[in-house]
Amino acid sequence: MSLFALGINHNTAPVAIRERVSFGPERVIGALRDLVSSARLDEAVILSTCNRTELYCGGHGDQADGAVDWFQAYHQLGREEIRPYLYTFDTQPTVRHVLRVASGLDSMVLGEPQILGQVKDAYRTAQTAGTVGKLLGRLFQHTFSVAKQVRTDTAIGTSPVSVAFAAVRLAQQIFDDMAKQTALLVGAGETIELTARHLHEIHTGRLIVANRTLANAQRLAGEFDGFAIDLSDIPAHLAEADIIITSTASEEPVLRRASVEAAIRARKHKPVLMVDVAVPRDIEPAVGELDDVYLYTVDDLEEVIEENRRSRRQAAEQAEEIIDTEVSHFMGWLRAQEAVSTICAYRDSAMAVRDEVVEKAQRMIARGDDPEEVVRFLANTLTNKLIHEPCSQMRQAGSQGRYEVLDVAREFFGLKSKRDDSA
C-alpha cells in the first residue's frame, strides 16, 4: 500500500496556469473515474480550488508517473507547459501535505478556514465517484480530525481573515467612506457569502448580488439587505458598482472588456475596484488595461494579507508540532497494515493445523478411545505442530550465527532475554 500526491498551487504557479488545470464541479466525478482507470490506481481524490489543483492517490508501487501523464493529457498540456509548476510527494510527505492543507497552513491566507470545507467536499465527491477505499478513507478521516485539533488547540483561526476578508480590506484601503459605495458580488458560493458578510459588517452602502441561479442570489442578498439579479442583468447594473468582487465556477469569463468599458463611460470614468478571486478567472484579463479600472486577482492579494501571515506565524508553529505528531501516528497505522497479510497467513496456517488435529481426535473418540488419552493426544500433537516450524527456524538461525533473529523471536513470543535469565 502506498500513497502519493501531485499538483500545483499558488506558490508554484500563477493564476494563468492554475486556471488551465482546474476541475469544474460537474467534471470531477468523471475525471476521478477516468484517472483511476487510466493510471491503474486503487483510489483517488481530486481537490480543485482557486489556489490549488491536487490529486491524492493510493495504490501499489510507483504509479505517480502514470498519474502525471493523465493530468497532462486530461488538460491537453505539453510536458514543458506544466512540469515546471508541478510538485509530487510520496507516502509520508503526502500525509504531511494533506494535513497542512486542511489545517490552512499551506493557504495563501495562513489559517483560513474555508479550505477544510473544500477538502471535505473533495472527499465526499470521491466517495460518490467510488474512488475512495481503505487507505484514502483512513487518511482523510485522520486529516479532518487533525484539522479540528489545530483550530481548537491553537489561535490560528481566531482572526476573521480569508481571501474574502483580504478583498474587503483592499476596498477599505482604496475607499475612504464605504457607506457611500455600491458593491456588486458575482457568485453565491462560500467566498461570496463571506465577502457579503464582511461588507455588511463595515456598513457598505449598497450590495448587489448576481448569480446564474436567481434564487441563490435572492437568498444571499436577503440575508445582508442586498439586491439580487441574474447574471444576464449584470450589464444593466455594472455602471452602478464602485466595487466588483467575483467568485464563480464558470469556465469562461463572466465580465468581458467591452461591457466593462461601456460601464466606465456611463460612470463618467469614476474609478472602480475589481477583485477576481475565481480560478478560472471571471474577469477577462484585458479589463485590467482600461483606464479607471483597478483589477486584482487572487495572486495580487498577497501583499494585502502579509500582515495576517505575521500575526499567525506563532500559532502556525504550534500547529506544525501537532502535525508532526499526527503524521507519525498515521505512518504507524500504515506500517501496521503491511503486517496484516503476514498475520492472516500465519493465522490461516494455525487454523489448518488445528482443524487437522481436531479431526483426528474426533475420530479417536468415535472409535471409543479413552477421552483422557484423546485430550492428551490433542494437546501434545497441536503443540508440536504449532512450534515445529518456529523451532526449526530458530535452530537454523542459531547455527548460522544470526542472533538478531533469536532476539526477534524472544520479542515475538514474549520470552525473557538472556540478560533477564542471568540477572
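The values are calculated or read from the model by the stated rules, or taken from the named source; none is laboratory data. If you're wondering where the values come from, they're calculated on a predicted model, not measured in any experiment. Note that each Cβ is placed from the backbone with ideal geometry, even for glycine, and that neighbours are counted across all protein chains shown.
Of everything in segment 64-74 that's of a type in the set (A, V, I, L, M) and crowded, with 17+ Cβ neighbours inside 10 Å, which residue is farthest from Gly24 (Cα to Cα)?
The selected residue is Ala64.
From Ala278, Ala315, which residue is within 20 Å of Arg52 (Cα to Cα) and of a type in the set (Gly, Ala, Ser)?
None of the others qualify; the one that does is Ala278.
Cβ-Cβ under 6 Å, sequence separation 6+ or interchain: first residue in segment 381-398 and over 17 Å from Gly414 (Cβ atoms) and of a type outside the set (A, V, I, L, M, F, W, C), partner at pLDDT 85 or above and in a helix (DSSP H, G or I). Which pairs?
Thr381/Val357; Lys385/Val353
A quick yes/no check of all residues on (1) farther than 30 Å from Ile245 by Cα; (2) surrounded by fewer than 11 Cβ atoms within 10 Å (Cβ to Cβ):
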residue: Asp299; (1), (2): no, no
residue: Ser311; (1), (2): no, no
residue: Val340; (1), (2): yes, yes
residue: Asp355; (1), (2): yes, yes
residue: Glu372; (1), (2): yes, yes
residue: Val375; (1), (2): yes, no
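Of the residues Val279, Val275, which is at pLDDT 95 or above, closer than 24 Å to Val163 by Cβ and crowded, with 21+ Cβ neighbours inside 10 Å?
None of the other options fit; the residue is Val275.
From the list Ala179, Ala171, Ala215, Ala188, exactly one residue is surrounded by fewer than 17 Cβ atoms within 10 Å (Cβ to Cβ), within 31 Å of the chain's Cα centre (by Cα) and not assigned by TED's automatic domain parsing to the domain that holds Gly111. Which is it?
Step by step, each of Ala179, Ala171, Ala215, Ala188 is checked, and only Ala215 is surrounded by fewer than 17 Cβ atoms within 10 Å (Cβ to Cβ), within 31 Å of the chain's Cα centre (by Cα) and not assigned by TED's automatic domain parsing to the domain that holds Gly111.
For (1) small (Gly, Ala, Ser); (2) on the phi < 0 side of the Ramachandran plot; (3) in contact (Cβ under 8 Å) with a residue 24 or more places away in the chain; (4) surrounded by 11 or more Cβ atoms within 10 Å (Cβ to Cβ), each residue gets a yes or a no:
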position: Met351; (1), (2), (3), (4): no, yes, no, no
position: Ala379; (1), (2), (3), (4): yes, yes, no, yes
position: Glu404; (1), (2), (3), (4): no, yes, no, no
position: Asp407; (1), (2), (3), (4): no, yes, no, yes
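Assess whether Met364 counts as being within 38 Å of the chain's Cα centre (by Cα), surrounded by 11 or more Cβ atoms within 10 Å (Cβ to Cβ) and not small (Gly, Ala, Ser).
So Met364 fails the test.
Against the definition (surrounded by fewer than 22 Cβ atoms within 10 Å (Cβ to Cβ), at pLDDT below 95, of a type in the set (Gly, Ala, Ser) and within 25 Å of Val340 (Cα to Cα)), how does Gly61 come out, yes or no?
Here the answer is yes, as Gly61 does meet what is asked.
Out of the residues in segment 161-185 that are β-branched (Val, Ile, Thr) and in contact with a helix residue (DSSP H, G or I) (Cβ under 7 Å, 6 or more places away or on another chain), state the one that is nearest to Phe224 (Cα to Cα).
Ranking the candidates gives Thr182 first.
Of all residues in segment 380-404, how many are basic (Lys, Arg) and farther than 18 Å from Ala345 by Cα?
2
Taking segment 241-270 as the region of interest, how many residues are over 39 Å from the mean Cα position of the chain (by Cα) and part of a loop (DSSP other than H, G, I, E, B)?
Selection size over segment 241-270: 4.
Take the residues of segment 1-58 that are in a helix (DSSP H, G or I) and acidic (Asp, Glu): which is surrounded by the fewest Cβ atoms within 10 Å (Cβ to Cβ)?
Of everything passing the filter in segment 1-58, Glu26 is surrounded by the fewest Cβ atoms within 10 Å (Cβ to Cβ).
Being buried (at least 22 other Cβ atoms within 10 Å of the Cβ), in contact with a Ser or Thr (Cβ under 8 Å, 6 or more places away or on another chain), in a loop (DSSP other than H, G, I, E, B) and hydrophobic (A, V, I, L, M, F, W, C) narrows it down to one residue among Val150, Val109; which is it?
Val109
Of the residues in segment 153-196, how many are among the aliphatic types (A, V, I, L, M) and assigned to a helix (DSSP H, G or I)?
Of the residues in segment 153-196, 13 are among the aliphatic types (A, V, I, L, M) and assigned to a helix (DSSP H, G or I).
Need pairs with beta-carbon distance below 6 Å; first residue over 18 Å from Met178 (Cα atoms) and within segment 228-254, second of a type in the set (Ser, Thr, Tyr) and surrounded by fewer than 20 Cβ atoms within 10 Å (Cβ to Cβ); sequence gap 6+ or separate chains.
Pairs that qualify, where the first residue is over 18 Å from Met178 (Cα atoms) and the partner is of a type in the set (Ser, Thr, Tyr) and surrounded by fewer than 20 Cβ atoms within 10 Å (Cβ to Cβ), are Pro235/Ser259.
Give just the number: which of (1) over 23 Å from Ser311 (Cβ atoms); (2) outside any loop (DSSP other than H, G, I, E, B) does His203 not satisfy?
All conditions pass for His203, except number (2).
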